[in-house]
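Peer 1: Handing you a structure now.
The values are calculated or read from the model by the stated rules, or taken from the named source; none is laboratory data. As the structure is a prediction and not an experimental result, all values here were calculated from the model. Positions of Cβ are generated from backbone atoms using ideal geometry, with glycine treated the same way; all protein chains shown enter the neighbour counts. With ligands, DNA and RNA removed, areas are computed over all heavy atoms of the protein, side chains included. Shrake-Rupley method; radii C 1.70, N 1.55, O 1.52, S 1.80 Å.
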Amino acid sequence: GFTQVKGPVEHRKFLIKTVNRAKEDIVVLSGWATSFALDEELAKSLKSALSRGVNVYICFGYKYSRGSSKRISDIKGLEILRDLQNYSNDNKAFGNMFIAQIPNHSKILMCDKEYYVVGSFNWLSNSGSTENPNDEKSVIIRNLSLILNNYDELTKLIIDNAEWVLIMDNSDK
């Protein structure tokens, strides 16, 4: 009853395909959100999804055990997400975008309560480059009960933390 996604290139293709086919909701959890993955292709696909009325829930924010400063790719990734958030806010008839930046190391992708993907791939920081030597693997789960339980929990977590994060992040501009 399970299928797999293997390798960084296939994960990236699967992410783009998911965003492009979504009709209602996309939920993405990733340790980081960087401009490597949040490139023009993914940003355009997310904007198109929002235009179709798809709600996008994004959560990231891996916390290191030791202090670490943000990389340029992290800052640019957050700027891209803010631009998408502003696009969503400015077009109330379109889908809503919720962004939560909280301690998180999950790697999850959900689409339309149709499937739930869990594995090793950082959806919002890994570009899927062929130069990536990591052996990425994820499992696609289609068990409706498991999907619904996790959907409710994850979207609530993101919504509950979304406003606070956006206010806090805007203060450092």
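Peer 1: If I ignore ligands, DNA and RNA and count only protein heavy atoms, how much of Val118 is accessible to a 1.4 Å probe, in Å² to the nearest 10?
Peer 2: The accessible area of Val118 comes to roughly 60 Å².
Peer 1: Shape verdict for segment 77-148, please, from the Cα gyration tensor: rounded (a/c under 1.5), prolate (a/b greater than b/c) or oblate. Display every interim value, and only then the final one.
Peer 2: On the way: a/c = 2.28, a/b = 1.25, b/c = 1.82.
Note, shape of segment 77-148 comes out oblate.
Peer 1: Extent of segment 1-55 along each principal axis, from alpha carbon coordinates, in Å, largest to smallest?
Peer 2: 30, 30, 18
Peer 1: In addition: Express in Å², to the nearest 10, the accessible area of Lys6 obtained by rolling a 1.4 Å probe over the protein heavy atoms while all chains stay in place.
Peer 2: Surface open to solvent at Lys6 totals about 120 Å².
Peer 1: Which GluC sites (Glu not before Pro) from segment 1-61 combine a DSSP loop assignment with at most 16 other Cβ atoms within 10 Å? Before the final figure, lay out the partial values.
Peer 2: Values: sites: Glu10, Glu24, Glu40, Glu41; in loops: Glu24.
Qualifying residues, ordered by number: Glu24.
Peer 1: Which peptide among 33-39, 150-156, 52-58, 82-88 comes first, and what is the full order, when sorted by highest mean count of other Cβ atoms within 10 Å?
Peer 2: Details: 33-39: 22.4, 150-156: 15.0, 52-58: 19.7, 82-88: 17.0.
Result, highest mean first: 33-39, 52-58, 82-88, 150-156.
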